[in-house]
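Everything on this sheet refers to the single structure shown next.
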Amino acid sequence: MWSGSADAPPSTRIAMLAPSLQPTERRVAESIVADVEAAIERTAQEVADLVGVGRASVIRTAQSLGYEGYPQLRVALAREVSLTGTAATGTDGTMLGALRGAVDRFAARLPHTVSALTEAELDAFVTEIDGAQRLLVAANGLSSPLGIDLAMRLTSAGRPAEYMPDTLGQQIAAKHLGRGSACLVVSGSGANRASLDVVTEARASGARVLAITSFPRSPVAEAADVALIVAPVNDSFHDELVHTSRAALMLVTESVVGLLVARRGDSARAAQAATLSVLSRSLSE
């Protein structure tokens with residue numbers, strides 16, 4: 001069941017929940033995404049007949065997405081279509097046109113990436129980072145660069161954070177965290193085996209687990225004490241696997257550090273000033 005922000009549009013909810021929907025519900029959701037305009041015009045029974053499932057499955061799909069029923073889902077779809085408009089697709093046959101089209105599509109979906117977040121979740125997340133005695137950042141696979149970047153940004157802001165590129169090293173560090181510490185896991189899919197092993201060790205040590213991921217019912221998200229769910233910029237879980245992007249996650253991780261700096265005030269700004277003094281000495285003509 002959808003538990004994110006009520007402002008999140010249907011396409012975002014479907015992209016985030018698709019991996020965890022029941023098979024019949026996933027088929028209904030996929031048919032909606034495949035032709036949103038048609039789905040707006042169809043009744044629940046018409047969708048059921050088209051997909052080859054019972055009407056009850058269509059209703060359950062709408063409810064899993066956080067709507068009272070299919071009529072409410074249709075209204076939300078119509079609203080999303082009216083607000084989104086048509087983005088350029090770069091169909092002139094050139095590489096530059098294709099690049100511009102990709103950028104336009106990304107820009108059109110970017111506001112959706114944070115539509116599932118709530119003020120309470122952000123506040124709780126920043127509070128956990130701020131108060132942890134030790135903070136271990138864990139990230140593997142395509143999310144590894146985000147983990148390195150996040151740990152460096154936090155340290156530069158006066159919030160020391162540890163990051164180890166070796167997956168076994170991350171597990172060992174997590175095992176020694178203990179109560180009062182936190183492990184912050186960045187995982188786009190929320191299902192990376194190495195990251196899950198780190199989560200297991202962190203929880204066993206008594207540490208708090210924080211997560212930044214794209215899917216609310218993923219193992220990492222469900223194991224976390226506090227999770228920020230950043231909707232993928234792609235339209236489906238399949239697209240997330242084939243055309244993986246971590247751009248939205250990177251934007252959120254950078255912004256979270258900014259929120260921490262704002263909360264810490266003068267102490268964080270002093271830490272950043274000290275960091276800049278080091279950087280200035282490393283530059284040459």
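The values are calculated or read from the model by the stated rules, or taken from the named source; none is laboratory data. All of these numbers come straight from a predicted model, not from anything done at the bench. Note that we place each Cβ from the backbone using ideal geometry, even for glycine, and neighbour counts take in every protein chain shown.
The one condition from (1) within 28 Å of Gln22 (Cα to Cα); (2) surrounded by fewer than 20 Cβ atoms within 10 Å (Cβ to Cβ); (3) touching a residue at least 40 places away in the same chain (Cβ under 8 Å) that Asp197 does not meet is (3).
In region 101-134, the residue that is modelled with the lowest pLDDT out of those that are of a type in the set (A, V, I, L, M) and outside any helix (DSSP H, G or I) is Ala116.
Of the residues making up region 1-57, those that are in a loop (DSSP other than H, G, I, E, B) and under 18 Å from the mean Cα position of the chain (by Cα) are Met1, Trp2, Ser3, Gly4, Ser5, Ala6, Asp7, Ala8, Pro9, Leu21. From the list Ala78, Ala18, the lone residue that is crowded, with 17+ Cβ neighbours inside 10 Å and among the small types (Gly, Ala, Ser) is Ala18. Residues that are modelled with pLDDT under 95 and closer than 18 Å to Leu122 by Cα are absent from region 172-182. Please specify each residue of region 168-206 satisfying the condition of being touching a Lys or Arg at 6+ places or on another chain (Cβ under 7 Å), over 26 Å from Ala247 (Cα atoms) and outside any helix (DSSP H, G or I). Result: Leu177, Ser181, Gly206.
Rundown of residues vs (1) buried (at least 17 other Cβ atoms within 10 Å of the Cβ); (2) touching a residue at least 12 places away in the same chain (Cβ under 8 Å); (3) of a type in the set (S, T, N, Q); (4) closer than 12 Å to Val257 by Cα, yes/no style:
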site: Arg109; (1), (2), (3), (4): yes, yes, no, no
site: Thr113; (1), (2), (3), (4): yes, yes, yes, no
site: Glu119; (1), (2), (3), (4): no, no, no, no
site: Leu136; (1), (2), (3), (4): yes, yes, no, no
site: Ala139; (1), (2), (3), (4): yes, yes, no, no
site: Leu142; (1), (2), (3), (4): no, yes, no, no
site: Pro145; (1), (2), (3), (4): no, yes, no, no
site: Leu150; (1), (2), (3), (4): yes, yes, no, yes
site: Ala157; (1), (2), (3), (4): yes, yes, no, yes
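Just to check your reading of the model, which residue among Ser57, Ser64, Ser11, Ser31 is touching a helix residue (DSSP H, G or I) at 6+ places or on another chain (Cβ under 9 Å), without any contact (Cβ under 8 Å) to a residue 24 or more places away in the chain and among the hydroxyl-bearing types (Ser, Thr, Tyr)? The match here is Ser31. Number of residues in region 81-100 that are in a loop (DSSP other than H, G, I, E, B) and either of a type outside the set (Asp, Glu) or modelled with pLDDT of 80 or more (or both) equals 9. As a summary of the residue check, Phe106 satisfies the conditions (1) out of contact with any Gly (no Cβ under 9 Å at 6 or more places or on another chain); (2) within 23 Å of Val199 (Cα to Cα); (3) hydrophobic (A, V, I, L, M, F, W, C) except for the one numbered (2).
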